[in-house]
Amino acid sequence: MNWLLELIAIVSEGLGRFTPRNLGLTLAAALGFALLCGWICLHYVQLWNKRFQLTTTHKIFTALACTFTFFFVLAFAGLAFMREITQAQIIIWQGNLKEDQDWSQRTFEKTYHKVKESGKEDISTFPPIERNIIPVTHNDSQLLAAQIYSNEACTNFDEMHPFLSKIVWATPSLPTEVIHSDVTSFFKSNPGKTYPTINAIDLAAKHIKDELLVQAPRVVTISRIGLVLAFILVQLVPFGIIGVAAYKDIKSSL
């Protein structure tokens, strides 16, 4: 459910970007729409069963449906700034990960052991892990090291932003060709050096940002369609319960 919490946070921040006037109009529209749906729900059976009396249970279900309707309208409006909000969140994540020493150390240790186990480098000359050096003299080990760093950055983004991550990819990882191009460029200019953590984070952030820019309009549309469908389903509950009860009341009076 973490993805839902992130979606709620995005919607809330989107509403926070409204001007006071627009926010007031949005709140008024949400309240008005919720009250209208509630009034229709409580009175529509009078069209065909004027003597039917609503119970407390019917009124409670109607009140809950009205509450959900109010928040559905706010969510629908709050998605307007999704593109700007996601860009800001990526920048914040990118900066925080660069400062995360624990993540950096864990990723270094994982990369060190993976490169050592790959057999691509001369193990006899492999330095102890305490020296914080990973010798990558072969193309395959260079690519392997960069893939681990980049994909670990993607996994971290997936953990920190589960909703946005679902937009970008099915599995949190970068395409091999994207990493290969960056690795080739780096080692061409910096022979004998270790692929830096910052490069991997920046590469992941760029890919995420590019994908979100492309996918954001589609996601907003799909999310809004989902909200409309959820609204209809929620309204069907009180409408259905009250309608069935009114129908049974007619049958019992015959």
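Some points to look at:
- For the range 183-237, the set of residues classified as β-branched (V, I, T) and either over 25 Å from K166 (Cβ atoms) or in contact with an Asp or Glu (Cβ under 9 Å, 6 or more places away or on another chain) (or both) consists of V183, T184, T194, T197, I198, V237, listed by residue number.
- Residue among L54, L27 that is assigned to a helix (DSSP H, G or I) and either of a type outside the set (V, I, T) or loosely packed, with under 11 Cβ neighbours inside 10 Å (or both): L27
- From the list G32, G38, G95, the lone residue that is of a type outside the set (F, W, Y) and either in a loop (DSSP other than H, G, I, E, B) or under 22 Å from the mean Cα position of the chain (by Cα) (or both) is G95.
- Of all residues in the range 21-42, those that are touching a residue at least 12 places away in the same chain (Cβ under 8 Å) have Cβ atoms under 8 Å from Cβ atoms of residues that are not in a helix (DSSP H, G or I), 6 or more apart or on another chain, in T26/F18; L42/L54.
- I222 being out of contact with any helix residue (DSSP H, G or I) (no Cβ under 8 Å at 6 or more places or on another chain) and closer than 20 Å to T86 by Cα: yes
- The set of residues from the range 193-249 being more than 23 Å from the chain's Cα centre (by Cα), outside the structural domain of A146 (by TED's automatic domain parsing) and charged (D, E, K, R) comprises K248, D249.
- From Q101, Q142, residue being loosely packed, with under 12 Cβ neighbours inside 10 Å, at negative phi and not small (G, A, S): Q101
- N156, sole failed condition from (1) crowded, with 19+ Cβ neighbours inside 10 Å; (2) modelled with pLDDT under 85; (3) not charged (D, E, K, R): (2)
The values are calculated or read from the model by the stated rules, or taken from the named source; none is laboratory data. It should be emphasised that the depicted structure is a prediction, and the values quoted were computed from it without experimental measurement. Note that we place each Cβ from the backbone using ideal geometry, even for glycine, and neighbour counts take in every protein chain shown.
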